[in-house]
(Lines give C-alpha, C1' and ligand atoms only; values in the text may rest on other atoms or scores of the structure.)
Protein backbone atom coordinates (compact mmCIF):
# COMPACT_ATOMS: atom_id res chain seq x y z
CA UNK A 1 0.00 0.00 0.00
CA UNK A 2 2.86 2.36 0.84
CA UNK A 3 4.58 1.62 -2.47
CA UNK A 4 1.39 2.50 -4.38
CA UNK A 5 1.19 5.85 -2.57
CA UNK A 6 4.79 6.65 -3.51
CA UNK A 7 4.21 5.92 -7.20
CA UNK A 8 1.09 8.07 -7.21
CA UNK A 9 2.99 10.92 -5.62
CA UNK A 10 5.71 10.56 -8.21
CA UNK A 11 3.09 10.66 -10.97
CA UNK A 12 1.62 13.88 -9.62
CA UNK A 13 5.07 15.43 -9.40
CA UNK A 14 5.93 14.37 -12.96
CA UNK A 15 2.70 15.84 -14.29
CA UNK A 16 3.54 19.10 -12.60
CA UNK A 17 6.95 19.18 -14.25
CA UNK A 18 5.45 18.47 -17.66
CA UNK A 19 2.86 21.20 -17.25
CA UNK A 20 5.61 23.67 -16.44
CA UNK A 21 7.32 23.24 -19.81
CA UNK A 22 5.83 26.17 -21.68
CA UNK A 23 7.28 28.14 -24.55
CA UNK A 24 8.60 30.68 -22.07
CA UNK A 25 10.21 27.93 -19.98
CA UNK A 26 12.13 26.55 -22.93
CA UNK A 27 13.05 30.02 -24.16
CA UNK A 28 14.35 30.97 -20.70
CA UNK A 29 16.29 27.72 -20.47
CA UNK A 30 17.80 28.50 -23.86
CA UNK A 31 18.78 31.98 -22.74
CA UNK A 32 20.39 30.56 -19.60
CA UNK A 33 22.39 28.11 -21.72
CA UNK A 34 23.43 30.94 -24.04
CA UNK A 35 24.74 32.91 -21.07
CA UNK A 36 26.88 29.91 -20.17
CA UNK A 37 27.99 29.57 -23.82
CA UNK A 38 26.35 26.14 -24.00
CA UNK A 39 25.15 26.81 -27.52
CA UNK A 40 23.90 23.35 -28.46
CA UNK A 41 21.90 23.14 -25.27
CA UNK A 42 20.49 26.56 -26.03
CA UNK A 43 19.48 25.43 -29.52
CA UNK A 44 17.80 22.31 -28.17
CA UNK A 45 15.66 24.43 -25.88
CA UNK A 46 14.91 27.05 -28.51
CA UNK A 47 13.76 24.35 -30.92
CA UNK A 48 11.32 23.07 -28.31
CA UNK A 49 10.10 26.61 -27.71
CA UNK A 50 9.55 27.12 -31.42
CA UNK A 51 7.49 23.93 -31.60
CA UNK A 52 5.11 25.54 -29.10
CA UNK A 53 4.90 28.81 -31.04
CA UNK A 54 1.42 28.10 -32.39
CA UNK A 55 0.85 31.75 -33.34
CA UNK A 56 4.16 31.87 -35.23
CA UNK A 57 5.06 35.21 -33.62
CA UNK A 58 7.95 34.32 -31.29
CA UNK A 59 10.63 36.04 -33.36
CA UNK A 60 13.01 36.59 -30.44
CA UNK A 61 13.53 32.88 -29.79
CA UNK A 62 14.22 32.35 -33.51
CA UNK A 63 16.71 35.23 -33.39
CA UNK A 64 18.44 33.79 -30.34
CA UNK A 65 18.62 30.40 -32.01
CA UNK A 66 20.21 32.01 -35.07
CA UNK A 67 22.83 33.57 -32.82
CA UNK A 68 23.56 30.18 -31.24
CA UNK A 69 23.96 28.53 -34.65
CA UNK A 70 26.32 31.35 -35.64
CA UNK A 71 28.45 30.70 -32.57
CA UNK A 72 28.70 27.04 -33.61
CA UNK A 73 29.61 27.97 -37.18
CA UNK A 74 26.46 26.38 -38.63
CA UNK A 75 25.82 29.30 -40.92
CA UNK A 76 23.10 27.92 -43.20
CA UNK A 77 21.01 26.99 -40.14
CA UNK A 78 21.78 30.43 -38.73
CA UNK A 79 20.50 32.00 -41.96
CA UNK A 80 17.34 29.88 -41.76
CA UNK A 81 16.75 30.95 -38.17
CA UNK A 82 17.33 34.63 -38.95
CA UNK A 83 14.82 34.29 -41.80
CA UNK A 84 12.37 32.57 -39.46
CA UNK A 85 12.71 35.52 -37.08
CA UNK A 86 11.94 37.89 -39.95
CA UNK A 87 8.95 35.89 -41.13
CA UNK A 88 7.57 35.85 -37.60
CA UNK A 89 7.48 39.64 -37.65
CA UNK A 90 10.98 40.86 -36.75
CA UNK A 91 11.38 43.05 -39.83
CA UNK A 92 14.58 44.75 -38.79
CA UNK A 93 17.29 45.78 -41.26
CA UNK A 94 20.02 44.40 -39.01
CA UNK A 95 18.35 40.99 -38.97
CA UNK A 96 17.98 41.05 -42.76
CA UNK A 97 21.70 41.81 -42.99
CA UNK A 98 22.46 38.99 -40.55
CA UNK A 99 20.47 36.57 -42.71
CA UNK A 100 22.34 37.68 -45.82
CA UNK A 101 25.74 37.41 -44.15
CA UNK A 102 24.97 33.98 -42.71
CA UNK A 103 23.86 32.51 -46.03
CA UNK A 104 26.83 34.02 -47.83
CA UNK A 105 29.19 32.63 -45.18
CA UNK A 106 27.58 29.23 -45.80
CA UNK A 107 28.30 29.60 -49.52
CA UNK A 108 24.57 29.76 -50.33
CA UNK A 109 23.93 33.11 -52.06
CA UNK A 110 20.87 31.64 -53.76
CA UNK A 111 19.25 31.43 -50.32
CA UNK A 112 19.75 35.17 -49.88
CA UNK A 113 17.57 35.80 -52.94
CA UNK A 114 14.95 33.33 -51.77
CA UNK A 115 15.01 34.94 -48.34
CA UNK A 116 14.19 38.35 -49.80
CA UNK A 117 11.38 36.82 -51.86
CA UNK A 118 9.98 35.01 -48.82
CA UNK A 119 10.09 38.20 -46.73
CA UNK A 120 8.05 40.26 -49.19
CA UNK A 121 5.62 37.38 -49.66
CA UNK A 122 5.08 37.16 -45.90
CA UNK A 123 4.80 40.91 -45.48
CA UNK A 124 3.80 42.90 -48.61
CA UNK A 125 4.74 46.10 -46.80
CA UNK A 126 8.35 45.00 -47.27
CA UNK A 127 8.00 44.60 -51.05
CA UNK A 128 9.77 47.77 -52.12
CA UNK A 129 12.56 47.34 -49.57
CA UNK A 130 13.19 43.78 -50.75
CA UNK A 131 12.93 44.74 -54.42
CA UNK A 132 15.73 47.26 -53.90
CA UNK A 133 17.92 44.33 -52.87
CA UNK A 134 16.60 41.87 -55.42
CA UNK A 135 17.21 44.33 -58.26
CA UNK A 136 20.98 43.99 -57.98
CA UNK A 137 20.80 40.20 -57.68
CA UNK A 138 18.71 39.92 -60.84
CA UNK A 139 21.00 42.32 -62.71
CA UNK A 140 24.00 40.19 -61.75
CA UNK A 141 22.12 37.12 -63.00
CA UNK A 142 21.21 39.01 -66.21
CA UNK A 143 17.56 38.34 -65.47
CA UNK A 144 16.31 41.49 -67.20
CA UNK A 145 12.60 40.84 -66.74
CA UNK A 146 12.73 40.40 -62.97
CA UNK A 147 15.25 43.20 -62.58
CA UNK A 148 12.88 45.49 -64.47
CA UNK A 149 9.96 44.50 -62.22
CA UNK A 150 12.07 45.42 -59.20
CA UNK A 151 13.16 48.76 -60.67
CA UNK A 152 9.55 49.69 -61.45
CA UNK A 153 8.55 48.60 -57.94
CA UNK A 154 11.14 50.91 -56.38
CA UNK A 155 9.85 53.79 -58.49
CA UNK A 156 6.46 53.38 -56.82
CA UNK A 157 7.93 54.49 -53.49
CA UNK A 158 6.49 57.97 -52.75
CA UNK A 159 9.38 58.64 -50.40
CA UNK A 160 12.05 58.50 -53.12
CA UNK A 161 14.12 61.62 -53.50
CA UNK A 162 14.85 63.03 -56.96
CA UNK A 163 18.28 61.42 -57.20
CA UNK A 164 16.82 57.96 -56.48
CA UNK A 165 14.12 58.41 -59.09
CA UNK A 166 16.64 59.50 -61.70
CA UNK A 167 18.81 56.48 -60.93
CA UNK A 168 15.93 54.01 -61.24
CA UNK A 169 14.53 55.72 -64.34
CA UNK A 170 17.89 55.02 -65.93
CA UNK A 171 17.91 51.44 -64.64
CA UNK A 172 14.43 50.81 -66.05
CA UNK A 173 15.26 52.40 -69.39
CA UNK A 174 18.40 50.31 -69.84
CA UNK A 175 16.54 47.14 -68.96
CA UNK A 176 13.87 47.94 -71.53
CA UNK A 177 16.67 48.34 -74.08
CA UNK A 178 18.08 44.98 -73.01
CA UNK A 179 14.63 43.53 -73.67
CA UNK A 180 14.52 45.16 -77.13
CA UNK A 181 11.77 47.56 -76.09
CA UNK A 182 13.22 50.87 -77.26
CA UNK A 183 9.90 52.74 -77.13
CA UNK A 184 9.45 51.90 -73.43
CA UNK A 185 13.07 52.81 -72.77
CA UNK A 186 12.41 56.20 -74.32
CA UNK A 187 9.57 56.81 -71.85
CA UNK A 188 11.88 56.41 -68.87
CA UNK A 189 14.84 58.24 -70.37
CA UNK A 190 12.46 61.10 -71.14
CA UNK A 191 11.59 61.20 -67.44
CA UNK A 192 15.28 61.78 -66.73
CA UNK A 193 15.57 64.42 -69.45
CA UNK A 194 12.56 66.23 -67.99
CA UNK A 195 14.70 66.78 -64.89
CA UNK A 196 18.19 67.04 -66.47
CA UNK A 197 17.62 67.89 -70.16
CA UNK A 198 21.32 68.19 -70.99
CA UNK A 199 22.39 64.78 -69.67
CA UNK A 200 24.78 63.69 -72.42
CA UNK A 201 24.95 60.11 -71.16
CA UNK A 202 21.18 59.73 -71.39
CA UNK A 203 21.11 61.19 -74.91
CA UNK A 204 23.90 58.83 -75.89
CA UNK A 205 22.12 55.84 -74.35
CA UNK A 206 18.92 56.72 -76.22
CA UNK A 207 20.76 57.29 -79.47
CA UNK A 208 22.62 54.00 -79.24
CA UNK A 209 19.43 52.28 -78.08
CA UNK A 210 17.54 53.35 -81.20
CA UNK A 211 20.52 52.57 -83.43
CA UNK A 212 20.91 49.10 -81.93
CA UNK A 213 17.17 48.53 -82.34
CA UNK A 214 17.54 49.18 -86.07
CA UNK A 215 20.47 46.77 -86.17
CA UNK A 216 18.54 44.04 -84.37
CA UNK A 217 15.43 44.40 -86.53
CA UNK A 218 17.60 44.34 -89.65
CA UNK A 219 19.50 41.25 -88.46
CA UNK A 220 16.27 39.42 -87.60
CA UNK A 221 14.75 40.31 -90.97
CA UNK A 222 17.89 39.09 -92.72
CA UNK A 223 17.87 35.83 -90.73
CA UNK A 224 14.20 35.24 -91.58
CA UNK A 225 14.89 35.82 -95.26
CA UNK A 226 17.91 33.50 -95.23
CA UNK A 227 15.79 30.77 -93.66
CA UNK A 228 13.08 31.08 -96.33
CA UNK A 229 14.90 32.06 -99.53
CA UNK A 230 15.39 28.45 -100.59
CA UNK A 231 11.71 28.58 -101.47
CA UNK A 232 12.47 30.04 -104.89
CA UNK A 233 8.81 30.51 -105.73
CA UNK A 234 8.31 32.97 -102.88
CA UNK A 235 11.89 34.19 -102.42
CA UNK A 236 11.16 37.57 -103.98
CA UNK A 237 8.26 38.10 -101.60
CA UNK A 238 10.44 37.21 -98.60
CA UNK A 239 13.12 39.60 -99.82
CA UNK A 240 10.55 42.38 -100.04
CA UNK A 241 9.43 41.65 -96.49
CA UNK A 242 13.03 41.93 -95.30
CA UNK A 243 13.50 45.25 -97.07
CA UNK A 244 10.22 46.60 -95.71
CA UNK A 245 11.11 45.69 -92.11
CA UNK A 246 14.55 47.28 -92.45
CA UNK A 247 13.12 50.42 -94.06
CA UNK A 248 10.47 50.88 -91.39
CA UNK A 249 12.99 50.43 -88.60
CA UNK A 250 15.41 52.90 -90.17
CA UNK A 251 12.79 55.59 -90.84
CA UNK A 252 11.11 55.11 -87.45
CA UNK A 253 14.15 54.99 -85.19
CA UNK A 254 16.87 56.60 -87.31
CA UNK A 255 15.83 60.27 -86.90
CA UNK A 256 15.38 59.78 -83.14
CA UNK A 257 18.81 58.20 -82.88
CA UNK A 258 20.41 61.06 -84.80
CA UNK A 259 18.66 63.69 -82.68
CA UNK A 260 19.91 62.25 -79.39
CA UNK A 261 23.38 61.40 -80.66
CA UNK A 262 23.88 64.95 -81.91
CA UNK A 263 22.93 66.39 -78.53
CA UNK A 264 25.23 63.91 -76.78
CA UNK A 265 28.14 64.77 -79.03
CA UNK A 266 27.92 68.45 -78.22
CA UNK A 267 29.47 67.36 -74.93
CA UNK A 268 31.21 64.08 -75.74
CA UNK A 269 32.70 64.91 -79.17
CA UNK A 270 33.07 61.21 -79.94
CA UNK A 271 34.21 60.31 -83.49
CA UNK A 272 32.39 56.98 -83.32
CA UNK A 273 29.13 58.79 -82.66
CA UNK A 274 29.78 60.99 -85.71
CA UNK A 275 30.32 57.86 -87.81
CA UNK A 276 26.99 56.40 -86.67
CA UNK A 277 25.18 59.67 -87.40
CA UNK A 278 26.65 59.72 -90.91
CA UNK A 279 25.66 56.10 -91.51
CA UNK A 280 22.12 56.71 -90.34
CA UNK A 281 21.77 59.82 -92.49
CA UNK A 282 22.90 57.86 -95.55
CA UNK A 283 20.50 55.00 -94.85
CA UNK A 284 17.56 57.36 -94.23
CA UNK A 285 18.32 59.24 -97.44
CA UNK A 286 18.50 55.98 -99.39
CA UNK A 287 15.13 54.76 -98.13
CA UNK A 288 13.47 58.11 -98.83
CA UNK A 289 14.38 58.00 -102.52
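The values are calculated or read from the model by the stated rules, or taken from the named source; none is laboratory data. Because the structure is predicted, anything quoted here is derived from the model rather than measured. Reconstructed Cβ throughout: ideal geometry from the backbone, glycine too, with neighbour counts over all protein chains shown.
Key figures
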| item | result |
| --- | --- |
| Residue 94 being surrounded by 19 or more Cβ atoms within 10 Å (Cβ to Cβ) and within 24 Å of residue 27 (Cα to Cα) | no |
| Hits in the range 81-116 - residues which are farther than 20 Å from residue 127 by Cα and without any contact (Cβ under 8 Å) to a residue 24 or more places away in the chain | 81, 101, 104, 107 |
| Filter pass, residue 253 being assigned to a helix (DSSP H, G or I) and modelled with pLDDT under 95 | no |
| Any hit, the range 82-89, residues being assigned to a loop (DSSP other than H, G, I, E, B) and in contact with a helix residue (DSSP H, G or I) (Cβ under 8 Å, 6 or more places away or on another chain) | yes |
| Identity of the residue in the range 74-91, surrounded by fewer than 22 Cβ atoms within 10 Å (Cβ to Cβ) and within 19 Å of the chain's Cα centre (by Cα), that ends up nearest to residue 53 (Cα to Cα) | 87 |
